[in-house]
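Novice: Attaching a single structure in structure tokens format; questions to follow.
Nothing in this text is a laboratory measurement; each read-out follows from the coordinates by a stated rule. For clarity, every value in this text was computed on a predicted model and none was experimentally measured. Cβ coordinates were reconstructed from backbone atoms using ideal geometry, including for glycine residues, and neighbour counts include every protein chain displayed.
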């Protein structure tokens with residue numbers, strides 16, 4: 001019985017480990033001339049192709065062309081690109097902390113869209129998130145005109161976190177859509193969003209820079225993400241939501257250690273304090289709402305995107 005519980009815990013920790021280290025291969029490929037957009041397009045196109053093939057029966061049975069699928073594709077497309085652009089350009093932990101403000105956006109969007117009533121814990125989540133964000137982003141000279149979000153990657157991380165929350169809330173609302181269908185459409189959405197940005201920026205020619213070695217790296221990233229998506233569902237399906245949230249916060253630990261060892265990035269005391277408040281808000285996020293006023297929605301596993 002004990003071993004049955006250890007397995008989903010290991011699955012969840014493995015998911016956190018992968019997401020905590022994923023910034024490095026994207027940044028590594030960027031340094032080789034392959035942009036985050038090109039990497040995302042190829043990686044998620046591979047994930048969609050293999051994922052649909054593996055779960056073809058479920059996909060064929062449940063897939064129906066719907067406008068809400070297109071909306072999810074666009075939203076999660078930006079979630080992924082905004083995040084990967086941010087980690088290839090900026091300080092990893094700063095990006096992670098800004099992205100982890102998602103409980104703040106989820107609290108507001110769940111109240112607005114799902115009609116969920118905020119509890120005192122929900123108000124605490126909002127307050128801690130805002131305070132943590134302010135402390136993390138504060139720079140000397142702010143009151144004399146220096147902007148808190150003066151770097152492009154900060155905007156990318158912040159808006160990617162908002163998009164993730166919006167997509168998660170809309171996904172919970174669309175519970176009639178099977179998870180394999182959502183997953184495949186999200187993967188295709190990321191690939192499509194990346195293809196559009198490459199085309200509009202005139203950088204689709206980057207594909208000529210691909211070498212056999214880089215191709216293998218991209219295949220390995222795709223295989224890792226696909227396996228992680230499958231493994232994460234096992235952990236989420238067998239563990240309480242609050243325990244999953246707590247375990248997934250180890251992603252920040254993995255990211256901080258890897259950023260220090262692989263990129264010599266160090267967080268200041270100010271960022272540690274702000275980050276601690278944001279993490280505290282994440283720990284409270286499972287108790288944000290008293291539930292929908294009319295219909296209580298069941299929890300849903302996280303979707304396979306950053």
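Novice: If packing is taken as the average count of other Cβ atoms within 10 Å, what order do 180-192, 52-64, 124-136 fall into, highest mean first?
Specialist: So the peptides 180-192, 52-64, 124-136, ranked by packing, come out 180-192, 124-136, 52-64.
Novice: Let me know the shape class of segment 1-75, please: from the alpha-carbon gyration tensor, a ≥ b ≥ c as square roots of the eigenvalues, rounded when a/c is under 1.5, otherwise prolate if a/b is greater than b/c, or oblate.
Specialist: Here segment 1-75 falls in the oblate category.
Novice: Compute the FRET efficiency between residue 108 and residue 238 as 1/(1 + (r/R0)^6), taking r as their Cβ-Cβ distance and R0 = 45 Å, and round to the nearest 0.05.
Specialist: FRET efficiency, residue 108 to residue 238: 0.90.
Novice: Another question about this same structure. Tell me, what is the FRET efficiency for residue 203 and residue 131 to the nearest 0.05, using R0 = 30 angstrom and their Cβ-Cβ distance as r?
Specialist: Details: r = 39 Å, r/R0 = 1.30.
That gives a FRET efficiency of 0.15.
Novice: For 224, 11, what ranking results if the residue with the fewest other Cβ atoms within 10 Å of its Cβ goes first?
Specialist: Going from least to most buried by this count: 224, 11.
Novice: Based on the Cα atoms of segment 81-130, what semi-axes does the equivalent ellipsoid have, where each is the square root of 5 times one gyration tensor eigenvalue, given in whole Å with the largest first?
Specialist: Working from the Cα gyration tensor, I get semi-axes of 27, 13, 5 Å.
Novice: While we're on this one: Counting only the backbone N, which residues of segment 179-193 are under 18 Å from the spot 7 Å out from the Cα of residue 61 toward its beta-carbon?
Specialist: Answer for this model: 179-185.
Novice: Could you please rank 260, 164, 24, placing first whichever residue has the fewest other Cβ atoms within 10 Å of its Cβ?
Specialist: Going from least to most buried by this count: 260, 24, 164.
Novice: Distance from the Cα centre of segment 240-261 to that of segment 153-174, in angstrom?
Specialist: Taking the Cα centre of segment 153-174 as reference, the centre of segment 240-261 is 19 Å away.
Novice: Oh, and also: Compute the distance in nm between two label points, each set 7 Å from the Cα along the Cα-to-Cβ direction, one at residue 216 and one at residue 13.
Specialist: Taking the simple label geometry, residue 216 and residue 13 are separated by 3.1 nm.
Novice: Pop the C-beta distance of residue 74 and residue 6 into the FRET formula with R0 = 35 Å and round what comes out to the nearest 0.05. All intermediate terms of the calculation are to be shown ahead of the outcome.
Specialist: Numbers: r = 39 Å, r/R0 = 1.11.
Efficiency, from the Cβ-Cβ distance: 0.35.
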